[in-house]
Amino acid sequence: MIYLDRPEIQEECGVFGVFGSGEDVARIAFFGLFSLQHRGQESAGIAASDGNIIRMHRDMGLVTQVFQEDTLASLKGHIAIGHTRYSTTGSSILRNVQPMRCECRFGEIALAHNGDLINATAVREEMEAQGVEFETTSDSEVMIKLIANSNANTIEDAISEAMSKIRGAYSVLVMTADKLIGFRDPLGIRPLSIGRLNGSHYVLASETCALNTIGAQFIREVEPGEMIIISSDGMSERQAVPARGHALCIFEYVYFARPDSRMYGKTIHEARRRMGHELAKEHPAPGAHIVFPIPDTGTPAAIGLAEASRIPYAEGVIKNRYIHRTFIQPDQRMRDLGVRMKLTPLKEVLAGRRVVMVDDSIVRGTTIGQQIKLIREAGAVEVHVRISSPPYRHPCFYGIDTANQNELIAAKMSVEEIRQYIGADSLGYLSLAGLIRAVGVKKDKLCCACLDGKYPLDISREAKLSKFVFEEPTPA
């Protein structure tokens, strides 16, 4: 398999749930997942309940590859949850695809999870010692097995009990035969929003863009440590575990979230546009002829930089928007030409020009040098790179696939060394203070650990060393 979307930094996952009697909930979930496809392209799944039976379909691939008319028609019911995955714990294989489902004393339940549990290894080992068997290598199974093996009287109490035992980042949906339940970690690291559909039905989604897609009205975000219970009686709230503050991932604003989503009441597109304004102040590029983005997440910042610097904005490269995931094995030549397959420079725009190229981040540094080479081959005489976030120096253990600091270029090189390595004429990163100003949210409500090394949740003792932790043999 080859993954031809962004190799620099990978998304987390997207979750979507809907409760609506008389609604085609599987189809609604399909469109909700489709709007969250940017959060993960490895696999997708939907589970639906008719009040008695939970039916499920899931597979590897994009949402549109996994679901057809016949599969959606088979998912009958009035409740549905869906998941689109990028793996952060466990391989990208069918047995790890979500939603996950199991039978327990509360009946059949299904679960969809966005995030990463930093104490999953310890909890799983404890449960295995008690005789609990695991079928996958995903930390999400730890969560569903905690719920399923609880001695609590209600599913809500079982979830609260599980939340008190797990540590990490999570936005989770659980479905029983007759309830849809959503809950969020005590720091709110991963996003989750509530919407109302057709006046009386409810929706839960990772991002508000999914609510817009299906015509639902945004109500509010789920609070840290809060549980939302939706049933035929309506919606109720419960503080499942004490909140520990707010620490929404800053990279939701930089890269992950879709531009038309809102978080903390702030539009992602406007925040990114203001990042460009701040970049223009901090790293001007006098004498440049044009500003252009690496599409798509670099586009709003490039627009903002052009506005603030009064350097004309242009499209310098065209992105092939149909290259995502393919199961066709490419030959080595096609692997080497991966960047060319995705981006095509416009020679008429670039030739003879001093250009400013804007992107959202440099994480591993594996592609930006190739992109600059393409720009120079198209005739640009100078290439000045501007990045709308600070240097990414620290690994993430909360649901982003950057848990190995040795892979992070800014952890090993200075800004000047990175500039030389990627072949840019100049390189300017937005400062953390500039990023916070652009987002418009106080720093104490954000997790910026990947940028400043200040982890809101201690990871020193329990964090896994590899996404394949449950697949690696135990040392003798």
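Here are some notes:
- Annotation for the stretch 49-66: at least one member residue is surrounded by fewer than 18 Cβ atoms within 10 Å (Cβ to Cβ) and part of a helix (DSSP H, G or I).
- Of residues in the stretch 86-111 being at pLDDT below 95 and small (Gly, Ala, Ser), the one surrounded by the fewest Cβ atoms within 10 Å (Cβ to Cβ): Ser91
- Residue that is assigned by TED's automatic domain parsing to the domain that holds Glu407 and free of Cβ contacts under 8 Å to residues at least 60 places away in the same chain, where the choices are Arg364, Arg340: Arg340
- Glu278 being more than 21 Å from the chain's Cα centre (by Cα) and in a strand (DSSP E or B): no
- Selection count where residues are part of a strand (DSSP E or B) and in contact with a Lys or Arg (Cβ under 6 Å, 6 or more places away or on another chain), scope the stretch 112-169: 3
- In the stretch 19-40, the residue that is farthest from the chain's Cα centre (by Cα) out of those that are surrounded by fewer than 23 Cβ atoms within 10 Å (Cβ to Cβ) and among the polar types (S, T, N, Q) is Ser21.
- Hey, Leu451 at pLDDT 95 or above, touching a Lys or Arg at 6+ places or on another chain (Cβ under 8 Å), in a helix (DSSP H, G or I) and buried (at least 18 other Cβ atoms within 10 Å of the Cβ) or not: yes
- Residue count for the stretch 281-304 satisfying the condition of being part of a helix (DSSP H, G or I), over 18 Å from Ile362 (Cα atoms) and not β-branched (Val, Ile, Thr): 2.
- Selection from the stretch 212-241 of residues that are aliphatic (A, V, I, L, M) and within 15 Å of Ser171 (Cα to Cα): Val222, Met227, Ile228, Ile229, Ala240, Val241
A quick yes/no check of all residues on (1) crowded, with 24+ Cβ neighbours inside 10 Å; (2) among the hydroxyl-bearing types (Ser, Thr, Tyr); (3) in contact with a strand residue (DSSP E or B) (Cβ under 6 Å, 6 or more places away or on another chain); (4) in the same structural domain as His57 (by TED's automatic domain parsing):
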position: His113; (1), (2), (3), (4): yes, no, yes, yes
position: Ala120; (1), (2), (3), (4): yes, no, no, yes
position: Met127; (1), (2), (3), (4): no, no, no, yes
position: Phe134; (1), (2), (3), (4): no, no, no, yes
position: Ile144; (1), (2), (3), (4): yes, no, yes, yes
position: Ala162; (1), (2), (3), (4): yes, no, no, yes
position: Lys165; (1), (2), (3), (4): no, no, no, yes
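- Within the stretch 172-210, the only residue that satisfies the criterion of being acidic (Asp, Glu) and surrounded by fewer than 24 Cβ atoms within 10 Å (Cβ to Cβ) is Asp178.
- Set side by side, the residues Ala424, Ala438 differ, and just one is in a helix (DSSP H, G or I), at pLDDT 90 or above and of a type in the set (A, V, I, L, M), which is Ala438.
- Residue pairs meeting the criteria (Cβ under 7 Å; at least 6 apart or on separate chains; first part of a strand (DSSP E or B), in the stretch 230-258; second surrounded by fewer than 23 Cβ atoms within 10 Å (Cβ to Cβ) and of a type in the set (Lys, Arg)): Ile230/Lys179; Ser231/Lys179; Leu248/Lys445
- Any hit, the stretch 411-424, residues being within 25 Å of the chain's Cα centre (by Cα) and among the aromatic types (Phe, Trp, Tyr): no
The values are calculated or read from the model by the stated rules, or taken from the named source; none is laboratory data. Computed from a prediction, not measured in an experiment: that's the story for all the values here. Because the Cβ atoms are built from the backbone with ideal geometry, glycine has one as well, and the counts that use them run over all protein chains shown.
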